[in-house]
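One structure below.
Laboratory data are not the source of any read-out in this text; all were calculated from the coordinates shown. Computed from a predicted structure; not experimentally measured. Glycine also receives a Cβ, built like all others from the backbone with ideal geometry; neighbour counts cover every protein chain displayed.
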Amino acid sequence: MNSELKKYYRDELSAAANFEALCDYSTAFKHLERAHILSQRFTLAHAATHLRMLRLGWRTRDIRETVGQITRTVAALLFSKIWVPVGNTGRANVSALKPMPIPEDLADVLKKANSR
């Protein structure tokens, strides 16, 4: 992950942590979803994002999210370098195999990162 992409990724993780501290879990998850999109092609960052989602799912007592994130973390470790469903938000409420549209601002960040 180049330094510019890493900055955006870390910004999303930081925003997620800030909203979690405010008990705004919905917004915290939104930022983790954005971090997930940015990290999909980077095995350790991808898995770390799923672990953060797992922790937030546990904190919010969301069994579906917690169980879903356990399987997604393992899949991230095994498959990130082989194939990922581009744009997938990584949440347990969507198919782990479904490609999804990438938000325009994140698409720009990823495009810049891939051109370097």
To test your reading of the geometry: what angle, between 0 and 90 degrees and rounded to tens, separates the Cα axis of helix 3-21 from the longest principal axis of the chain?
20
How large is the dipole of the chain about the Cα centre if only Lys and Arg carry +1 and Asp and Glu carry -1, each at its Cβ, rounded to the nearest 20 debye?
340
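Quick check: from the Cα gyration tensor, does the range 1-65 come out rounded (a/c under 1.5), prolate or oblate?
Working: a/c = 2.80, a/b = 1.53, b/c = 1.84.
Oblate shape, in that a/c is at least 1.5 and b/c is the bigger or equal ratio.
At 1.002 mPa s and 20 °C, plugging the Kirkwood radius over alpha-carbon pairs of the chain into Stokes-Einstein gives what diffusion coefficient in µm²/s? Walk me through the numbers on the way to the answer.
Numbers: Rh = 14.0 Å.
Once the numbers are plugged in, D ends up at 153 µm²/s.
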At R0 = 30 Å, FRET efficiency that the Cβ-Cβ distance of LYS111 and ALA21 yields, to 0.05:
0.40
Considering only SER95, SER80, SER14, give the residue with the highest GNM mean-square fluctuation for the chain, with springs between Cα atoms whenever their separation is below 10 Å.
SER95
Note to self: C-alpha centroids of the range 29-71 and the range 86-116 sit apart, in Å, by 14
What distance in nm separates the two pseudo spin-label positions at LYS7 and ARG55, each 7 Å out from Cα along the beta-carbon direction?
2.5
